[in-house]
1. Measure off 7 Å from each Cα along the Cα-to-Cβ vector at ASN172 and GLU113, then give the distance between these two points in nanometres to one decimal.
2. Assuming a viscosity of 1.567 mPa s and a temperature of 4 °C, what translational diffusion coefficient in µm² per second does Stokes-Einstein assign to segment 41-127, Rh being the Kirkwood radius over Cα pairs?
3. Please give the Cα centre distance for segment 112-185 versus segment 50-74, rounded to the nearest Å.
4. Across segment 155-161, in residue order, what do the Karplus-derived ³J(HN,Hα) couplings come to in whole Hz, using 6.51 cos²θ - 1.76 cosθ + 1.60 with θ = phi - 60° and x for Gly and Pro?
5. Write down the percent of antiparallel bridges among all DSSP beta bridges whose residues are both part of segment 2-212, to the nearest 5.
6. Fewest to most neighbouring Cβ within 10 Å: what's the order for ASP176, ASP110, ASP131?
7. Under a 10 Å cutoff between Cα atoms, tell me which one of LEU24, LEU200, LEU164 has the largest fluctuation in the Gaussian network model of the chain.
8. Picking from ALA25, ALA96, ALA161, which is most flexible by a Gaussian network model of the chain using Cα springs under 10 Å?
Amino acid sequence: MPDLIASAAAAYAEERTTPFAGSLAHAAAWTETHTGAADMASGLVEARLLEALIVAGGARRVVEIGTFTGVGVLAMAAALPPDGRVITLENDPASAAVARRHIDGSPYGDRVELIIGDARQTLARLDGPFDLVYIDAWKADYPAYYDAVLPKLSGRGVIVADNLFRHGLALNRRSDDPGTRGIHEFGRRVQDDERVHNALLTVGDGVMLVWRRPPDAG
C-alpha cells in the first residue's frame with residue numbers, strides 16, 4: 001500500500017506541475033520513446049524544481065554532470081537570463097550526440113556548452129564560481145563530484161544531486177553495489193560537512209539540495 005500511495009502522489013504532483021512544451025517536450029518524448037530508460041532523464045517535477053532554483057537564486061553560471069538526452073539541461077537553459085550559461089558534461093558519446101541534436105533544436109541552445117569526457121577530469125579544469133551544480137551521473141563518483149564542485153560553488157550557490165534513493169536500493173545500508181555505496185558515501189560526506197546545510201527531498205528518486213552554511217546559522 002505505501003508504494004501505491006507514493007505512485008499516486010507522484011502522478012498527482014505531475015498533474016499540478018507546469019507541463020513541458022516546445023523543444024523540451026520533444027526531448028522528453030523522444031527519450032520516453034527511444035531509450036527504454038526514460039527515468040534516467042530529469043522528470044517533470046524535478047526539471048521544474050531546477051528551473052525554480054535558477055529563477056529564485058538569480059543563477060547565471062550552471063554546471064550539469066550527466067547530460068543523457070538533454071532534458072535537464074534544456075529546462076535549466078530556458079530559465080537562465082540571456083547572458084547565462086550552462087556547461088553540461090557527458091561521458092558517453094552516443095548520449096552526447098542525441099543531446100546535441102536536442103540542444104541545437106532549442107531556442108536556448110546558445111546558452112549551453114556540451115563537453116564530452118570524464119566529468120572528474122573536466123571539473124578539475126573548469127573555473128568557478130558556479131551558481132547551481134546539478135549532479136545526475138555515475139553514482140559511484142558522487143563523492144568525487146562533490147569534492148570537486150564545492151570549492152567552486154558561489155556564496156549563494158546550490159548543489160542538486162539526483163537519485164539519492166536509488167530506486168530504494170539506498171535504503172539498504174549494507175549494500176555492496178558500487179553505485180549505492182557511492183550514494184551512501186556522498187550522503188555521509190554532505191551530512192558531516194560543517195561548511196554546508198542540506199535537505200533530502202522526496203521528489204522523484206530523492207533529490208539532495210546542498211548550500212553553503214549561512215554565518216551563525218543553527
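What follows is calculated from the coordinates using simple rules that are stated; it is not laboratory data. None of these values were measured; they are calculated from a predicted model. When we count neighbours, we look across all protein chains shown, and the Cβ atoms used for this are built from the backbone with ideal geometry, even at glycine.
1. Modelled inter-label distance: 4.1 nm.
2. Taking Rh from Cα pairs, D becomes 101 µm²/s.
3. Centre-to-centre distance over Cα atoms comes out at 14 Å.
4. After applying 6.51 cos²θ - 1.76 cosθ + 1.60, I find x, 9, x, 9, 9, 10, 10 Hz.
5. 35
6. Ranked by crowding around the Cβ, least crowded first: ASP176, ASP110, ASP131.
7. Ranking LEU24, LEU200, LEU164 by mean-square fluctuation puts LEU200 first.
8. Top of the fluctuation ranking is ALA25.
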